[in-house]
1. Within region A:27-77, list the trypsin sites (Lys or Arg not before Pro) lying in a DSSP loop whose Cβ has at most 13 other Cβ atoms in a 10 Å radius.
2. What do you get for chymotrypsin sites (Phe, Trp or Tyr not before Pro) in region A:59-95 restricted to DSSP loop and a cutoff of at most 13 other Cβ within 10 Å of the site's Cβ?
3. Could you tally the net charge around B:V19, taking each other residue with its Cβ under 14 Å from the Cβ of B:V19, Lys/Arg +1 and Asp/Glu -1?
4. Where the only charges are on Cβ atoms (+1 Lys, Arg; -1 Asp, Glu), what is the dipole of region B:1-87 about its Cα centre, to the nearest 20 debye?
5. From the residues A:V4, B:P81, B:V19, which one has its Cα farthest along the dipole of the protein assembly as shown in the positive direction, the dipole being from +1 and -1 charges on Cβ of Lys/Arg and Asp/Glu about the Cα centre?
6. Any idea what % of Cα-Cα pairs in chain A are farther than 19 Å?
7. Pairs of alpha-carbon atoms within less than 8 angstrom and 6+ residues apart define the contacts here; what relative contact order does chain B have, in percent?
8. Give the longest segment of chain B that steers clear of GluC sites (Glu not before Pro) in DSSP loops with at most 16 neighbouring Cβ atoms within 10 Å, not counting the sites themselves.
Amino acid sequence: KAGVTQTPRYLIKTRGQQVTLSCSPISGHRSVSWYQQTPGQGLQFLFEYFSETQRNKGNFPGRFSGRQFSNSRSEMNVSTLELGDSALYLCASSPRGPRGSHEQFFGPGTRLTVL
Amino acid sequence: QKEVEQDPGPLSVPEGAIVSLNCTYSNSAFQYFMWYRQYSRKGPELLMYTYSSGNKEDGRFTAQVDKSSKYISLFIRDSQPSDSATYLCAMSPTGTASKLTFGTGTRLQVTL
């Protein structure tokens with residue numbers, strides 16, 4: 001079974017631009033979560049989607065948004081990029097139903113650099 | 001103060017040593033505890049998953065949870081150079097299963 005895939009793997013943007021990252025979960029997984037990983041803060045939860053609905057949200061500004069499609073694929077968008085948004089963005093999918101799962105399977109991440 | 005504290009290391013041990021990795025936490029609502037391993041330029045990989053207090057063993061890995069002390073541990077026996085990675089603890093309360101709170105990770109180097 002194929003793992004979680006994320007595209008693109010690397011991205012360079014300039015301040016003020018916006019960016020869209022994509023995540024394809026493991027086949028059959030309906031829950032997709034997004035995390036930001038930086039050296040100083042570690043892994044921080046952004047949001048989680050289940051059946052095209054945002055189920056949980058972390059403490060990030062409104063510039064960070066996401067969505068999930070009917071095939072469970074998910075995208076996250078960051079608008080008006082800031083230098084501090086440079087990070088590894090990780091997507092994780094979970095196999096369980098509406099109550100979620102603690103067994104999350106991570107993709108390789110998208111490395112975003114903001115210049 | 002962060003909800004989950006983890007010594008960043010690096011921790012360097014010789015091959016064959018027993019490794020002890022630890023996290024402390026402050027949120028008593030945490031019920032689910034996990035350990036992830038992350039190799040350079042890769043996403044985290046789930047190693048161990050435990051609920052509430054107790055021990056769990058899987059091959060060379062043993063996870064311990066002491067909720068009374070708000071302290072979790074991961075032991076690696078007979079460590080191998082392939083165990084060299086960053087180890088992340090993660091936890092969540094009941095009811096918000098997918099919203100994990102992570103430690104910052106401990107970098108482990110197993111030398112020949």
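Rule-based calculations on the coordinates, nothing more; no lab input. Here the structure is a predicted model, which is why all the values come from computation and not from measurement. Ideal geometry is used to build each Cβ from the backbone, glycine not excepted, and the neighbour counts take in all protein chains shown.
1. Numbers: sites: A:R30, A:R55, A:K57, A:R63, A:R67, A:R73; in loops: A:R30, A:R63, A:R73.
Those that pass, being in a loop and sparsely packed, are A:R63.
2. Working: sites: A:F64, A:F69, A:Y89; in loops: A:F69.
Here the sparse-neighbourhood loop sites are A:F69.
3. 0
4. Values: 9 positive and 10 negative charges, 37 e Å.
Dipole of region B:1-87, to the nearest 20 debye: 180 debye.
5. The Cα lying farthest towards the positive end belongs to A:V4.
6. Working: 2582 of 6555 pairs.
Taking all Cα-Cα pairs of chain A, the fraction more than 19 Å apart is 39 percent.
7. Details: 273 pairs, mean separation 41.8, N = 112.
Here the relative contact order equals 37 percent.
8. Details: sites that count: B:E3, B:E15.
Answer - B:16-112.
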